[in-house]
């Protein structure tokens, strides 16, 4: 048992208990007299406060980026607390890893990473309320039950609300979370019920909620000009011209050398994501004044090797590398050459996909105030703790001297895992000496992204006379330096169909890349699934087989293959394939009109198993229309918020269709060509399609689903186009010409 030094009295602090999973529950209960004097809510633990009227305020620990976690995590606590949902209010936590443990929005990890711990959070608070009632009624706690915010003693008919009981919890020692009884899922009344997102009304009415909405007294506005070529540094900038613009208060060059000296590091690379600090900051009374000042800078930039790179050169280099042996062998099983020679039919194909921008609707922004040696930040970040630690390094202060408020993010998709914009704002605020809001332009946001990396796959495969895959070879050409792949540009050695084909080889070659890359919704999988599942379709066609039945045959009758993070449960994947087959009416696809086809694909990522069918039409003019999408997913035994789950799956499917049909970032002379939505056209409503979602409930721990629903839709669409018109899509976006080998 440990005691948290907060300056409170001994009675204020009951204890801090560490659960088996390592979550810290800071139990703080105000004395009865103090609570009565202020007539306020009583904190039962770091997450739960109960007001005298029985209204329960629950803190949501993780960043909300549109995935609905601000609603789902409190639902878990409220369920075990046994409070009526209409009496729950939700507040967003600040960054506080000591109180909340890991706070992160990424990897579809929020539900699987918090499911057990947050159940115990609610159960502990409920146990304390029951104990308080039992003491007041002089009866054993086991004789008491709870019901929607009340403790009930059935034998005497006594009933007391949580509000009055919460004050009495001051005398109650919080139980060990590992020992509390958890609800039987059959008794759930909140978890498993479709619940609208808590902030929906504020979003649709435009109420302040996002990082871009922050306003502070005396706040100035900042813009930040970066080199158009990634990594280049400032050679010269006309700061005086910028300062002559009305409303501009300050203009200065930011350079990694200065950051390194302040942070006390030998190399700027030691600061991780601090490298994007090269540029020029302009601070003004309004954002428009700062932007006009930036336009007057006439900045000149030093030359940088990345200025010689571009998409055309990457394509040519990939083709050149594919003609030779892979630089590295990632996996090799059996004898691929012999199997290809003995195959009844062989197929060879090259696939490619482009760089992509995250393009969140809310551009990157952060508001920061540096004063008295301390920093206060308001930021839409996916990794608050990492951002705070980085700001501390850059500014040369202690992490405990930083207060970070997490705002709702207007989209993230992985972009806000990087905190470059937060560090820029912190540095500018330090120089300005007043609160400063840094806001990127849309062009900044697209030009200085951490892109989904492009990639190339050169396949050879063979099927035998019975339609079984007997050989698979993939020469994967990606980006990186030496042995290390660029961000999110790697491919796992056990990526499907590894372990399901007797003769299998995966080789890798890399080429250098100066542009930054990083995770995008379903990192790696969002591109790899397109190539792998499309080539599986080519093998099915060569075998003259039903593409869905061909996949079931490829999965075989195995259960779980591999262990730990490399485990792949073929039975669960067969389950979703069979479910989507039945729900989509796959057996009747032969009755579709000419020019309409159905395609299927599946993929496993982020511990989720998903199979999808797309029906698409191709007009005489070649125009593609997506008619409908069917999705079947297996994310375990429990879905916390079915309404949010369906929304996430539908959004993922439509996101994937948008990527497949319309989106690409082209690099030329070391910089992005596309800079705004007119040349990076996100899918419009007219191109949308109904998405029907089904879940196969299996007896496994719950997993996330915001990401694994995306990858299969891209190859399913491409395979539907082939079924509709006979054209095989081997390069994305769909309008692009085929990769020429």
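Just so it is clear, none of the values below were taken in a lab; they were calculated from the coordinates. Source: prediction; values computed, not measured. No Cβ is skipped: glycine too gets one built from the backbone with ideal geometry, and neighbour counts run over all protein chains shown.
Summary of values
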read-out: For region 648-741, the spread of Cα positions along each principal axis, largest first, Å; value: 52, 32, 30
read-out: Separation between Cα centres of region 66-121 and region 641-659, rounded to whole Å; value: 21 Å
read-out: Spatial separation of Cα centroids for region 521-553 and region 219-241, in angstrom; value: 46 Å
read-out: Ranked list, fewest to most other Cβ atoms within 10 Å of each Cβ, for 243, 520; value: 243, 520
read-out: Extension gain from residue 623 to residue 400, taking 0.36 nm per residue of separation minus the Cα-Cα distance; value: 74.6 nm
read-out: Computed E for residue 139/residue 184 - FRET, C-beta separation, R0 22 angstrom, nearest 0.05; value: 0.40
read-out: For region 13-193, radius of gyration divided by Kirkwood radius, i.e. Rg to Rh on alpha-carbons; value: 0.95
read-out: Relative contact order (%) - criterion: Cα under 8 Å, at least six apart; region: the chain; value: 13 percent
read-out: Relative exposure of 55, 536, judged by other C-beta atoms within 10 Å (fewest first); value: 55, 536
read-out: Fewest-first sequence of 230, 188 by Cβ atoms within 10 Å of each Cβ; value: 188, 230
read-out: Highest to lowest packing among 365-376, 324-335, scored as the average C-beta count within 10 Å; value: 365-376, 324-335
read-out: Separation of alpha-carbon centers, region 714-728 and region 459-508, rounded to whole Å; value: 22 Å
read-out: Within the chain, helix-based [θ] at 222 nm, where runs of 4 or more DSSP H residues each add -39,500 (n - 2.57), nearest 500; value: -9000 deg cm²/dmol
read-out: Compactness of region 461-574, expressed as Rg and Dmax over alpha-carbon positions, Å; value: 15.5, 47
read-out: Relative contact order (%) - criterion: Cα under 8 Å, at least six apart; region: region 494-624; value: 19 percent
read-out: DSSP beta bridge pairing in the chain, given as percent antiparallel to the nearest 5; value: 75 percent
read-out: DSSP bridge pairs, region 13-193: antiparallel proportion in percent, nearest 5; value: 80 percent
read-out: Rg in Å to one decimal, and Dmax rounded to a whole Å, for the chain via C-alpha atoms; value: 28.1, 86
read-out: Potential lengthening between residue 341 and residue 200 on full extension [0.36 nm per residue; Cα-Cα distance subtracted]; value: 44.8 nm
